[in-house]
1. Please compute the length gained on full extension between A294 and Q314, using 0.36 nm multiplied by the number of residues separating them and subtracting their Cα-Cα distance.
2. Compute the angle between helix 391-458 and the longest alpha-carbon principal axis of the chain, please, reported from 0 to 90 degrees and rounded to the nearest 10.
3. How far apart, in nm, are the 7 Å Cα→Cβ label points at S462 and N115?
4. Under the Karplus relation 6.51 cos²θ - 1.76 cosθ + 1.60, θ = phi - 60°, what is the ordered set of whole-Hz ³J(HN,Hα) values for segment 214-226, x standing for Gly and Pro?
5. Only residues of segment 153-194 count here: report those whose backbone N is under 20 Å from the spot 7 Å along Cα→Cβ of A372, or say none.
6. What is segment 169-226 by shape, rounded, prolate or oblate, if you read a ≥ b ≥ c off the alpha carbon gyration tensor as root eigenvalues and call it rounded for a/c under 1.5, prolate for a/b larger than b/c, and oblate otherwise?
7. Output ³J(HN,Hα) for segment 114-131: one whole-Hz value per residue in order, computed from phi by the Karplus curve 6.51 cos²θ - 1.76 cosθ + 1.60 with θ = phi - 60°, and x for Gly and Pro.
8. Of (1) 0.91; (2) 1.83; (3) 1.50, which is the value of Cα Rg over 2.2 N^0.38 Å derived from the coordinates here?
Amino acid sequence: MNNSHSIFNIQHSRFNLQVGAALLAVMLTVSATGAEPASRNLTLADCVGLALENNLDLRIERIARETARQDVAAARGGYDPNLTLSAKRTHAESIGSRAETTAENVEILGSETDNDALAASIGGATPLGGLGYELGARVGSTDGTRGGNPFDTSTGSASVTLTQPLLKGFKTDSVRYQVAVARKQSAEAAAQLEARIQDVLAQVETAWYALVEARESIRVQEDAVQLATQLYEDNRRKVQIGALSRLDEKQAESQAAAARAALSSARRAYAEAQNQLKTLLYADHRSVRDVELAPIGELAAESVATDAAASGEQALERRPDLRQARLALERQGIAADYQKNQTLPSLDLVGSYGVAASDESSAGDVYDRMEAADEPFWSAGVTLTFPLGNRAAKTRYAQSRANEEKQKLGLRQLEEKALVEVEDAAAAVRTGYEKVQATREARDYAREALEAEQRKLESGKSTSFVVLQLQRDLTGARNDAVQALMDYNRQLAALALAEGAMLDRHDVVFAEE
C-alpha cells in the first residue's frame, strides 16, 4: 500500500479546489521548521518483530524467566553429596602412682600416647523416599608407652550407613519440596513471560493503530483547511466586488483559522503517537529520535463472526494469566502436602555395614586385612522422635490449607472475570463493525450534502454560513469514520487478547523451553 495515500481511499476529485494563500502560509511555516526526518516504512508485522527483539519489558521478563529456570538447578543441588575430610592428632599423658600394701610397695608407671587419625566420608540425600546415605573410611595409628612398655597400633575401618524415613520425610522432604516448588515457579515464570508478550503485542497493535489514526486525522484536517481557505478566498473576492457582506467573509476566515488550529493539534497527536510506538519497538530512543515511522498495510474492514461461548472456553484454556494462576495453586498444594508431612513423627530405619581391622606391625597389614573383610560389623535399628504438642507444624499446615482455599477462590474469580471480558470484547466487535458501516454512510452523506450546497451557493440559492456548517459536518463525519475503523481493529485485538490468542493473531510461536 502506498504510504502517501489514505488507507480509507477517500476521493476528493469533485471538490477540485486550489490551495489558498492561508494554506500556503501554513505549509511554508511547517517546512521552515527543519529538514524532513528520515522515514521508515513499517507494517504491523514489522512492528511485532521489532518489539519481540528490542522491547525492554520483554527483556526484563526473559531475565526473570531464566532466573526461575536456574532456581530449579539450584534446588536440585540439594542432592549433591557432601565430601568431608578430617585429620586429627591427639596427645595424652598420665602420671604414675604408688600403692602401699603390707607386703610391699607397688609402683604403677604413667603412660604417654600419640594418636593420628584420618577420616573421609561422602553422604547426602536421594529422591528415593528421602533415603539418606553416608560412605566413610577411617585410618589411624596410636603409639607411645603404657606402663613402661612401648606400643604402636594401626587401625582402619570402612562402612556404609543408610537412613530411610518411614513417616516424616518419606512422602516429601525438604529437598524434594524445594525442587517441586522451583519447577512450578519456573513454569509460572514461563506463563508470565507469555502473558507479557501478549500484552506487549496488544500495546504495539494499539499504538500502530493510533499512529495510523493520527496520520489520517492530519489528512482530514488538511482537507478541512483547504475547504475553509478556498471558501474564504471566494467570499473575500465577492466582498471586494460588493456581492457579499463582510460578515460572510469573517465567518469563513474564522473557520479557516479554527481548521488550522485543529491541524496543529492533529500534528501534535501524530508526534506523540510516533513516540509511543518507538518506545515499544526500540530500546534506544536517541537512535530513532529523528526517524519518522510510516505505518503501511491494510486494516480489517470486514465483519468478523464472534461466538462468545466458544471464545470463553478458549480463554479458560489458553490465557497465560489463568495458566499461571493454576500453577500457583498447584504450588500451594505442594506446600500444603509438605506441611502436612511435617506434622508426622519421625520414624527412621537406620542400617550400616562395614569392615574394620587393626595391626601392631604395619599400616599396610591393616589395609590387607580390611580388604579381606575378616572383621565385619553391622547394625540395624529404628529411631522414633515424637514431638509433643507439635503446635508449630500443625499451625503451618492449617495456614497452608487456608491459603490453598484462598487461591482456589482467586482462580475462580479470575476465570469469571475472563469470561466477562470475552463477552464484552465480542459484543464490542459486533457493535464496532456496525459503527464502521454507519460512520461511512454518514461521511458519504455529509460529502454529498456539501457538494449540493456548494452548487446552490454558486447559483446564489444558499449562504456561506450554511456551507461552512456543512464543511464542519463533513470534517466531523470523516473523523468519526477514521475513529470507528480504528476502534474496530482495536476491538478485534482486544478480543484476541481476551481469548489468549494474541500470539496466533500475529503468527508468533512461544517456546517455553
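1. Contour length minus the Cα-Cα distance gives 3.7 nm.
2. 20
3. Reported label-point gap for S462 and N115 is 11.7 nm.
4. 5, 5, 5, 5, 4, 5, 4, 5, 4, 5, 5, 4, 4
5. 153-159
6. Cα axes put segment 169-226 in the prolate bin.
7. Listing the rounded values in order: 10, 10, 10, 9, 10, 9, 9, 8, 9, x, x, 10, 10, x, 8, x, x, 4 Hz.
8. Calculated Cα Rg over 2.2 N^0.38 Å: the matching label is (2).
Every number here is computed from the coordinates shown, using simple stated rules; none is lab data. Please read all numbers here as calculations on a predicted model, not as lab measurements. When we count neighbours, we look across all protein chains shown, and the Cβ atoms used for this are built from the backbone with ideal geometry, even at glycine.
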